[in-house]
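**Q** Take a look at the following structure, please.
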Amino acid sequence: MERASPDSASNKALGGVLPIVATPFRTDGSPDERDLEQVVEFIVTAGADGLVFPGVASEFETLQPGERRRLVEVVARANRGRVPLVVGVSAATAAESAAYAEQARQLGAAAVMAMAPSSMKGDMNAIENFYRTVAAAGVPVMLQNQAPPTGCALTMEQVAALIERVPGIPYVKEEVMPCGQRIGALLALRPKGMLAVFGGAGGRYITDELARGAAGTMPACELVDLHVRQFKAHRQGDAAEVRRLFNRMLPLLNFQAVFRMAMTKEVLRRRGVIAATQVRAPGPKLDPGDHRELEAMLAELGDLLKLPG
């Protein structure tokens, strides 16, 4: 394994735009490591504040354990410690998640992102033990909170209690609706040990999340340069520009909410980042009409979006 150096960007505090790295597959369904490296390069050179792999948008549930561990190494190597790396360690059991967290520690990850298995919903003792097991690897934990069937839909009071009871959970990624209200509620609880809360949900609620105190966003990666531009405006206190860019992106964000990884990969292909758009995860595929609609939406962003040709 290639470990990041102690002086690498993995030691910086987390905040800003941390996109989820898509997993490119060849037309035969096998992972494309070369294109994965290109996705990482696309994200880093766009000015992202960090990157996350694997997450839901990486189709992590479709990866075999050996594939997953290998691809995490590919991402870490391609990043070369330039920006903080958050390694997704969500799995069906605490033991599996802990093993992924140990790999993340060896690779010098800035944090691990863990979502308690949905099978634990309602069992706070099991959920607490899950996070204790993951945190034992010694890497800062980001608690990812999602609604069923993917996650456990923890209340903000439950999240705050976990942060205070389990050492080593400084970050939260909140994706249960309404995200903005819940982020504000969690920040108001001020659990001891929490450093920051992030939004997710594809960046579709970013204006509300930032207004309520979110430290950053973790969207899909096909529009990373626009998200970076948007967050730069936020840091400069230019709320009007944040909203203007949000309104420009919204048609594509809504389209991505329907087609998920299929849309992300098609945009990455059109932007010259990856070669194939194969998706393992279940979900709708783009038909010829969808391709025409996507082309029109991308054309409308032609003044903001770099496209080849």
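**Q** Can you name the condition, by its number, that Arg204 falls short on among (1) under 18 Å from the mean Cα position of the chain (by Cα); (2) under 22 Å from Val83 (Cβ atoms)?
**A** Unmet for Arg204, out of (1) under 18 Å from the mean Cα position of the chain (by Cα); (2) under 22 Å from Val83 (Cβ atoms): (2).
**Q** I need the full set of residues from the stretch 272-309 which are closer than 14 Å to Ala22 by Cβ and surrounded by 15 or more Cβ atoms within 10 Å (Cβ to Cβ), in order please. Spell out how you get there, then give the answer.
**A** Step one: filter the stretch 272-309 for residues closer than 14 Å to Ala22 by Cβ, giving 273-281, 283.
Result: Val273, Ile274, Ala275, Ala276, Thr277, Gln278, Val279, Ala281.
**Q** Could you identify the single residue in Arg269, Arg260 that is buried (at least 16 other Cβ atoms within 10 Å of the Cβ), free of Cβ contacts under 8 Å to residues at least 12 places away in the same chain and under 20 Å from the mean Cα position of the chain (by Cα)?
**A** Numbers: Arg260 fails: free of Cβ contacts under 8 Å to residues at least 12 places away in the same chain.
Going through Arg269, Arg260 in turn, the sole match is Arg269.
**Q** Continuing with the same structure: Just need a number here: residues in the stretch 147-200 that are surrounded by fewer than 16 Cβ atoms within 10 Å (Cβ to Cβ), within 20 Å of the chain's Cα centre (by Cα) and small (Gly, Ala, Ser).
**A** 1
**Q** Still on this model: From Val83, Val75, Val87, which residue is free of Cβ contacts under 8 Å to residues at least 60 places away in the same chain and not in a helix (DSSP H, G or I)?
**A** Numbers: Val83 fails: free of Cβ contacts under 8 Å to residues at least 60 places away in the same chain; Val75 fails: not in a helix (DSSP H, G or I).
One residue alone meets the criteria, Val87.
**Q** Just wondering, is there one or more residues in the stretch 215-233 that are closer than 20 Å to Lys173 by Cα, of a type in the set (Ser, Thr, Tyr) and assigned to a loop (DSSP other than H, G, I, E, B)?
**A** no
**Q** Quick one: is Leu304 touching a residue at least 60 places away in the same chain (Cβ under 8 Å), closer than 25 Å to Gly50 by Cβ and within 15 Å of the chain's Cα centre (by Cα)? Write out each step before concluding.
**A** Details: touching a residue at least 60 places away in the same chain (Cβ under 8 Å): yes; closer than 25 Å to Gly50 by Cβ: yes; within 15 Å of the chain's Cα centre (by Cα): no.
Judged against the criteria, Leu304 is not a match.
**Q** Next question, about the same structure. Can you pull out every residue in the stretch 166-187 that is closer than 20 Å to Pro140 by Cα, aliphatic (A, V, I, L, M) and either in contact (Cβ under 8 Å) with a residue 60 or more places away in the chain or not in a strand (DSSP E or B) (or both)?
**A** Looking only at the stretch 166-187, we keep the residues that are closer than 20 Å to Pro140 by Cα, and these are 166-175, 183, 186-187.
Keeping just the survivors that are aliphatic (A, V, I, L, M) gives 166, 169, 172, 183, 186-187.
Answer for the stretch 166-187, where residues must be closer than 20 Å to Pro140 by Cα, aliphatic (A, V, I, L, M) and either in contact (Cβ under 8 Å) with a residue 60 or more places away in the chain or not in a strand (DSSP E or B) (or both): Val166, Ile169, Ile183, Leu186, Leu187.
**Q** Would you confirm whether any residue within the stretch 114-124 is assigned to a strand (DSSP E or B) and among the hydrophobic types (A, V, I, L, M, F, W, C)? First the steps, then the outcome.
**A** Restricting attention to the stretch 114-124, the residues satisfying the condition of being assigned to a strand (DSSP E or B) are 114.
Those left that are additionally among the hydrophobic types (A, V, I, L, M, F, W, C): 114.
The answer is yes; a qualifying residue exists.
**Q** Is it true that Ala201 is touching a residue at least 60 places away in the same chain (Cβ under 8 Å), among the aliphatic types (A, V, I, L, M) and closer than 21 Å to Ala46 by Cα?
**A** In short, no.
**Q** Val242 is checked against (1) out of contact with any strand residue (DSSP E or B) (no Cβ under 8 Å at 6 or more places or on another chain); (2) surrounded by 17 or more Cβ atoms within 10 Å (Cβ to Cβ); (3) hydrophobic (A, V, I, L, M, F, W, C); (4) within 23 Å of Thr27 (Cα to Cα) and fails just one. What number does that condition carry?
**A** Tallying (1) out of contact with any strand residue (DSSP E or B) (no Cβ under 8 Å at 6 or more places or on another chain); (2) surrounded by 17 or more Cβ atoms within 10 Å (Cβ to Cβ); (3) hydrophobic (A, V, I, L, M, F, W, C); (4) within 23 Å of Thr27 (Cα to Cα), Val242 fails exactly one: (4).
**Q** Which members of the stretch 34-71 meet the condition of being over 27 Å from Arg229 (Cα atoms), buried (at least 17 other Cβ atoms within 10 Å of the Cβ) and in contact with a helix residue (DSSP H, G or I) (Cβ under 8 Å, 6 or more places away or on another chain)?
**A** Result: Phe60, Leu63, Arg68, Leu71.
Bear in mind that the values in this text are calculations on the coordinates, not laboratory data. Please read all numbers here as calculations on a predicted model, not as lab measurements. Virtual Cβ from ideal backbone geometry, glycine too; neighbours counted across all protein chains shown.
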